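First up is the structure itself, then whatever we jot down about it.
Read-outs throughout are calculated quantities, based only on the coordinates presented, and are distinct from any laboratory measurement. As the structure is a computational prediction, the values presented were derived from the model and not from experiment. Don't worry about glycine lacking a Cβ; one is built from the backbone with ideal geometry, like all the others, and counts go over all protein chains shown.
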Amino acid sequence: MSVILHIETATDGCSVAVSQDGANIFNIDNFEDLKQVGKKDTNHSKRLGVFVDEAMSFTDSHAIPFDAVAVSSGPGSYTGLRIGVSMAKGVCYGQNLKLISIPTLQILCVPVLLRYDDLPEDALVCPMLDARRMEVFTALYTRALRPVIDVHAKVIDENSFKEQLDQHPIYFFGDGAEKCKGVINHPNAHFIDGIKLDAKYMSPLAEKKFLREEFEDVAYFEPFYLKEFVAIKAKNLL
């Protein structure tokens, strides 16, 4: 029997879940509009600790000990990933738990694969995270989450994924897909709205890694930032 704490902070949202043998038994999240400067950090740094405390109180009240912590490993927000991984490591150290990392873009695929089980057999799924302007963090997967194109940063234009679109229907989703609707115009391109990252979707991927004993080194594990963090000096500073 496995009990796993899941932490997801790769984008604006902040969410925590607990699963037992792959089934969610606890979930708490916040998806407020946090586009203003500074609010994202507040959401993650302040809410995450509260959410983790509530999850641990839930398991303590049911006498269910944790076996592992799973964390969304990127790509995504530099600050969000850093806070999420730091929290995951702290819980692992404090309770002597195993650490599991789950690729963020694969987490984004889970609700699509669960809700749309009637996708064509040859369909490909394309999660997209907004990386500003016309750039996205993306990858291309089969319905079994086998990579067709590995995770990368991509500037979207009218020829994006044309080779694959000529051969397969592709379903685009995530907060980066919205800005691509008017750019990618192909009969095989389909867009799914309302798909958000949430820790509750980590459970099937984390359970599989737990059973395979695919754990990270708690001391040395780092998130997959994809792009280096660049500090920008505020314009209103003298």
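Brief remarks follow.
- Beta bridges by DSSP in the range 117-191, antiparallel share as percent, to the nearest 5: 60 percent
- Which listed pairs, of 46/89; 98/209; 46/154; 154/209; 154/181; 98/208, have C-alpha distances above 20 Å, in listed order: 46/154; 154/209
- Of all aspartates and glutamates in the structure, those lying under 15 Å Cα to Cα from residue 196, and not within fewer than 8 positions of it along the same chain, are 8, 12, 29, 32, 33, 130, 175, 178.
- Residue 214 versus residue 186: modelled label distance in nm, points set 7 Å from Cα along the beta carbon direction: 2.7 nm
- At most 14 other Cβ within 10 Å, DSSP loop - trypsin sites (Lys or Arg not before Pro), the range 128-217: 132, 133, 181, 212
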